[in-house]
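Asks: After the structure tokens below, expect a handful of questions from me.
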Amino acid sequence: QVQLVESGGGLVQPGGSLRLSCAASGSFFSLYTMGWYRQAPGNQRELVARIASGGTTNYADSVKGRFTISRDNAKNTVYLQMDSLKPEDTAVYYCNANARISITQAASSYWGQGTQVTVSS
């Protein structure tokens, strides 16, 4: 199985920055795309950014130019640098990873527990 542990959330003023980290652990054959999703109260969970194992990235239009996703494959860790934060960025942020447990099994999707990000003055 794959465990994802997020860290780095908190309270920040508008215009501020936060960096989220998500470390994958457990027994798995390979990690593929990793990403960050968020869910605000009353809203559906939405993609924020994702990064393939080779480094290709995708961003939601609402965060382009403000957020940067990166990963350290040696540490099985994905990061989300969030700059110029806005109140509408307030949400629970979830880490997601697609991983294959063994060479004989198809890849599955795994989720972290979530970390709260609050942007408020």
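The values are calculated or read from the model by the stated rules, or taken from the named source; none is laboratory data. A quick note: this is a predicted structure, and the numbers were derived from the prediction, not measured. Surface areas here come from the heavy atoms of the whole protein model, side chains and all, with no ligands, DNA or RNA. Shrake-Rupley method; radii C 1.70, N 1.55, O 1.52, S 1.80 Å.
Asks: What number in nm² do you get for the chain if you take the convex hull of its Cα atoms and divide its surface by four?
Replies: The Cα convex hull of the chain, projected and averaged over all directions, gives 7.2 nm².
Asks: Can you compute the equivalent ellipsoid semi-axes for the stretch 79-121, i.e. the square root of 5 times each eigenvalue of the Cα gyration tensor, sorted largest first and rounded to whole Å?
Replies: Numbers: eigenvalues 202, 19, 8 Å².
Gyration-tensor ellipsoid for the stretch 79-121: 32, 10, 6 Å.
Asks: Also: Antiparallel DSSP bridges in the chain: what percent, to the nearest 5? List each step's numbers first, then the result.
Replies: Working: 41 of 44 bridges.
Expressed as a percentage, antiparallel bridges in the chain total about 95.
Asks: Taking all protein chains together and a probe of 1.4 Å, list Glu46, Glu88 from the most accessible to the least accessible.
Replies: Largest accessible area first, the residues go Glu88, Glu46.
Asks: If we restrict to alpha carbons, what Rg and Dmax does the stretch 10-73 come to, in Å?
Replies: Radius of gyration, then largest Cα-Cα span, for the stretch 10-73: 13.5, 41 Å.
Asks: Starting from the residue with the highest accessible area, list Asp72, Asp89 in decreasing order, probe 1.4 Å.
Replies: Result of the area sort, largest leading: Asp72, Asp89.
Asks: Note the full-extension length gain between Gln1 and Thr56 as 0.36 nm times their separation in residues minus their Cα-Cα distance, in nm to one decimal.
Replies: Taking Gln1 through Thr56 to full extension adds about 17.3 nm, to one decimal.
Asks: Pairs of alpha-carbon atoms within less than 8 angstrom and 6+ residues apart define the contacts here; what relative contact order does the stretch 1-107 have, in percent?
Replies: Relative contact order for the stretch 1-107 comes out at 35 percent.
Asks: Please list Ile101, Ile51 in order of solvent-accessible area, largest first, computed with a 1.4 Å probe with all protein chains present.
Replies: Ranking Ile101, Ile51 by accessible area, largest first, yields Ile101, Ile51.
Asks: Any chance you could check the Cα centroid distance between the stretch 41-98 and the stretch 1-34 for me, in angstrom?
Replies: 9
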